[in-house]
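Take a look at the structure set out below.
The values are calculated or read from the model by the stated rules, or taken from the named source; none is laboratory data. All figures in this text were calculated on a predicted structure; none of them were measured in a lab. Quick reminder, even Gly has a Cβ in these numbers, built from the backbone with ideal geometry, and neighbours come from all protein chains shown.
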Amino acid sequence: MYKKDKNKMVRKRCGSFLLCGMMLMVLVLMAGCGKKQTLEKEIQNTELTDFVYVPEFTELKLDEDAEGDRMILSDVKLVGENVLYNLRVWKNGEQAAKTHIFVRESEDFDKKTELPQDIIPQGENEYVSLCSYDGDGNFYMVWQRLGEKSYDTADFLSKYDKDYNLVYTKELTDIWVNDLNSGIWKMWVDDNGRLYGCSQNIMYVFDANGELEKSIKLGTSQMSGLMIGDDGRVYIDYMDKGSDGGYELKLAELNIEEGKREEPIDGLPYGCTEAWAGRENKILLNRTGSLWEFDLETKEAKVLFNWTDMYVNSDRIKSLYMTEQGEIIILVNTDNSNPLIPQYGLIHLSKVSPSQVVPKEVITLATLYQSDEYLMDAVAKFNRESKRYQVEIKGYMDEGVKYTPENYQNALNRFHADLVSGQAGDIINLKSMDWRNLVRKGALEELTPYMSGDLRKEDFVDSVVKAYEVDDRCYTIPKGFVIETIMGKASVVGSRSQWDLDTIEKLEEAYPEANLMHMGNSYMLLKYCMQYGGVTFIDYETGECNFESQDFIDILELCKRAGAQKTLNFDLYSNVKMDRVLFSQVSIYNVTQWQMYRQLFCEEGVSVGFPSQGDGGRVCLTGEEMLAIAANSKNKEGAWAFWKSFMKQELGSEWMLPSYADRFEKMIEEACKTEYQYDEDGNAVERPKSTWSQGSFETTIYAATEEEIGTFRELLEHVASGQLEDQMLEIISEEAGAYFEGQKTASEVAGIIQNRVQLYLFENEE
């Protein structure tokens, strides 16, 4: 079933580059067009003068290869050019599952071959964990037979010939037991039938007869992959501590004969995260934004291409294989929203003459970090779907630069300066940026005139849109958000509107033995209050601040009193139940969590918000995945096309609420949907949404009630956007310490903060 490379330079699908240029783009590998600041010199110095790589994407609907009510997809990988995977399937409520193993062949990825059922262990307690082929088409399978106790589990290695006749089955259990291991996690097979299995920090090497040949201690528990070179030499890559104390990718040869790992190979570029076998004694390296080629003999490294140009988010790569002709096949994870059935795609990089490449219009996306996986997901998807535009990422915190506070600040300053001067690009990633200040400086394009037709303001949750408007003008909308608030028990703190200084003083008098906040000191509470309520003290239109106000002084005094923690345990539930804690800060990113927090506060949890300038509390949104169009963009039409595509795509993470109204309502619908399962007596019972455990608090969450949804929607109606810029937070925290430590009065500290923040605003005016 496994096929070796054939002498084929161009496959049938390579002709697709003639179709409207959909798959083709100019790669700046030969001439360095100057559009990318990151790694510009390296890219210009690459010597790919004869060809460029052209990607073709194929979606793999692997969950459609078997029918059942429930299934688990596992061990999905490339073996050579072919995709190998297994599906464990339950049909129509049956207790027993059946395992199916499939191969998608390189000549036609829509064609699948299922392995014979009679070679697959199908017992109730038998599971296939790993599969592979060798170069002669022999099939290998690692599987387990579970016992009543975990220590009764037996591990087996089976080998079948190309016609699926059994060659051997070997029990491996004693090997793991002797080494205090629990089995192998990854497996590779070379063309000679030698099998390599990695377990924790040991590489087990089995010969062609399934006999243990070597047990090699790797000296690391963070091994990533194994590579077999053209000359048969074996290498592993792993993460280990570097000279700066952080973790770096290491590459080392395995000496099979002597049973040891050699010293790491010198010369790898900094910032690499993964490695694969290349050709002609070369190793391919993943370096976040680009693919590098490293020569094992000369120790020279060069850039082959940028990932997003190839429709690839490098964080989603599952397998990569280079053919004998130097073409590249990449298996990527395209959607992990369902962890049991992740979605995959296959990208084939053909080698095409530069003269045959049709360029697209380049749209530049400026970001502090180019390693944002959700952003790279969106860029990769847009690039493979757009016939007209190609998004290129301009990262200011370069992938080859080590993180230090100084390097971070320098990158942030360069980014901010380019934004204000109009040199950043077309699209701006607002993560870590003070977007309100950028609006004040005229650096961001108002989006309202673009919002018509297939994307309007009305397509988003109204309260989220309003929270991010400035003078009724829209400059950005977060793709997702988290609700940040302070909660308390309704019987103690009353309703949300009662959060003010008088209420706090009355509560402190009524509960003299209670802590105001759970597990918080003065600095932490001030951080929360300023992070989510501090923007109320800034007038971004005039560039003035108001930290000498009585409201701010009251907050300082409140935080100092709250920091005087009385002795109590860490158990929030018991503390709330016994009225030993009045409030706790919480982050809410789905309905289920809102249900849990309400129950955690003794079935009567209410949101009171953060103390801020003005009446009542402030419930805040923390915007996630926020983009804007640069006011000085040279291609606003293309920038809008990407912004629209970005906002319409699914959220990259389940740890946030969707701003897109249809998805938000779908989330509500799913939260209210009652699902059933069968108990041991065959009776249908409601299936829990989730279970929670925190200290003495345990609960099971079921489908949300109308009342729970009503309170959740009401919470969302009172949200405001915020976070205060990091530099301002640092100023406030630094100066507040003198008051908390008794060195200065609250008024004195407020005056100092006022002067420093005002100076900062003036300095950043232009």
Quick test of your reading of the structure: ALA671 fulfils all but one of (1) outside any loop (DSSP other than H, G, I, E, B); (2) surrounded by fewer than 17 Cβ atoms within 10 Å (Cβ to Cβ); (3) in contact (Cβ under 8 Å) with a residue 12 or more places away in the chain. Name the failing condition by number.
(2)
Among the residues of region 261-278 satisfying the criterion of being touching a strand residue (DSSP E or B) at 6+ places or on another chain (Cβ under 6 Å) and not hydrophobic (A, V, I, L, M, F, W, C), which is surrounded by the fewest Cβ atoms within 10 Å (Cβ to Cβ)?
GLU262
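Taking the condition at pLDDT 95 or above, in a strand (DSSP E or B) and out of contact with any His (no Cβ under 6 Å at 6 or more places or on another chain), does GLU392 pass?
Numbers: at pLDDT 95 or above: no; in a strand (DSSP E or B): yes; out of contact with any His (no Cβ under 6 Å at 6 or more places or on another chain): yes.
In short, no.
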Would you tally the residues in region 191-227 being of a type in the set (Asp, Glu) and touching a Ser or Thr at 6+ places or on another chain (Cβ under 9 Å)?
0
Restricting the first residue to region 239-268 and requiring it to be free of Cβ contacts under 8 Å to residues at least 24 places away in the same chain, which pairs with a second residue that is among the basic types (Lys, Arg) and assigned to a loop (DSSP other than H, G, I, E, B) meet a Cβ separation below 8 Å and a spacing of at least six or different chains?
GLU253/ARG233
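Go through region 215-252 and count every residue that is part of a strand (DSSP E or B), touching a Leu at 6+ places or on another chain (Cβ under 9 Å) and of a type outside the set (Gly, Ala, Ser). Can you show your working first?
Within region 215-252, the first condition is being part of a strand (DSSP E or B), and the residues that meet it are 215-217, 223-228, 234-241, 247-252.
Pick out the ones that are also touching a Leu at 6+ places or on another chain (Cβ under 9 Å) and you get 216, 224, 226-227, 234-240, 248-252.
Subset that is of a type outside the set (Gly, Ala, Ser): 216, 226-227, 234-240, 248-251.
Residues meeting the conditions: 14.
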Where the second residue is crowded, with 20+ Cβ neighbours inside 10 Å and among the charged types (D, E, K, R) and the first is in the same structural domain as GLU548 (by TED's automatic domain parsing) and lies in region 747-763, which pairs have Cβ atoms under 8 Å and are six or more apart or on separate chains?
VAL749/GLU735; ILE752/GLU735; ILE753/GLU735; ARG756/GLU735
For region 444-548, give me every one of the helices (runs of 4 or more DSSP H) that falls completely inside it and has 1 or more residues that are in the same structural domain as LEU729 (by TED's automatic domain parsing).
490-493, 501-510, 522-533
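Taking only region 123-169 into account, find how many residues are part of a loop (DSSP other than H, G, I, E, B) and either in contact (Cβ under 8 Å) with a residue 40 or more places away in the chain or surrounded by 15 or more Cβ atoms within 10 Å (Cβ to Cβ) (or both). Break it down stepwise before answering.
Filtering region 123-169 down to residues part of a loop (DSSP other than H, G, I, E, B) leaves 123-125, 134-138, 146-149, 153, 161-165.
Within this subset, residues satisfying the condition of being either in contact (Cβ under 8 Å) with a residue 40 or more places away in the chain or surrounded by 15 or more Cβ atoms within 10 Å (Cβ to Cβ) (or both) are 134-138, 153, 162, 164.
Summing the residues that are part of a loop (DSSP other than H, G, I, E, B) and either in contact (Cβ under 8 Å) with a residue 40 or more places away in the chain or surrounded by 15 or more Cβ atoms within 10 Å (Cβ to Cβ) (or both) in region 123-169 gives 8.
Would a scan of region 610-617 turn up a residue that is modelled with pLDDT of 90 or more and not in a strand (DSSP E or B)?
Taking region 610-617 and keeping what is modelled with pLDDT of 90 or more, we get none.
Within region 610-617, none of the residues are modelled with pLDDT of 90 or more and not in a strand (DSSP E or B).
Please state which one of ALA661, ALA684 is within 23 Å of the chain's Cα centre (by Cα), surrounded by fewer than 18 Cβ atoms within 10 Å (Cβ to Cβ) and over 19 Å from MET596 (Cα atoms).
Numbers: ALA684 fails: within 23 Å of the chain's Cα centre (by Cα).
Step by step, each of ALA661, ALA684 is checked, and only ALA661 is within 23 Å of the chain's Cα centre (by Cα), surrounded by fewer than 18 Cβ atoms within 10 Å (Cβ to Cβ) and over 19 Å from MET596 (Cα atoms).
Select from region 203-218 the residues that are within 21 Å of CYS131 (Cβ to Cβ) and surrounded by 21 or more Cβ atoms within 10 Å (Cβ to Cβ) and list them in ascending order.
Of everything in region 203-218, those that are within 21 Å of CYS131 (Cβ to Cβ) and surrounded by 21 or more Cβ atoms within 10 Å (Cβ to Cβ) turn out to be MET203, TYR204, PHE206.
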Could you list all residues from region 49-92 that are assigned to a loop (DSSP other than H, G, I, E, B) and in contact with an Asp or Glu (Cβ under 9 Å, 6 or more places away or on another chain)?
ALA66, GLY68, ASP69, GLY80, GLU81, LYS91, ASN92
Tally the residues that are buried (at least 17 other Cβ atoms within 10 Å of the Cβ), among the charged types (D, E, K, R) and in contact with a helix residue (DSSP H, G or I) (Cβ under 8 Å, 6 or more places away or on another chain), restricting the search to region 330-377.
1
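Test GLU654 against the stated conditions and say whether it is over 18 Å from PHE460 (Cβ atoms), assigned to a loop (DSSP other than H, G, I, E, B) and among the acidic types (Asp, Glu).
Details: over 18 Å from PHE460 (Cβ atoms): yes; assigned to a loop (DSSP other than H, G, I, E, B): yes; among the acidic types (Asp, Glu): yes.
Taking the combined requirement at face value, the residue satisfies it.
Go through region 573-609 and give me each residue that's among the aliphatic types (A, V, I, L, M), touching a residue at least 40 places away in the same chain (Cβ under 8 Å) and either within 27 Å of PRO512 (Cβ to Cβ) or touching a helix residue (DSSP H, G or I) at 6+ places or on another chain (Cβ under 8 Å) (or both).
Quick first cut of region 573-609, residues among the aliphatic types (A, V, I, L, M) only: 576, 578, 581-582, 586, 588, 591, 596, 600, 606, 608.
Right, trim to touching a residue at least 40 places away in the same chain (Cβ under 8 Å) and you get 576, 581-582, 586, 588, 591, 596, 600, 606, 608.
VAL576, VAL581, LEU582, VAL586, ILE588, VAL591, LEU600, VAL606, VAL608 - these are the residues of region 573-609 that are among the aliphatic types (A, V, I, L, M), touching a residue at least 40 places away in the same chain (Cβ under 8 Å) and either within 27 Å of PRO512 (Cβ to Cβ) or touching a helix residue (DSSP H, G or I) at 6+ places or on another chain (Cβ under 8 Å) (or both).
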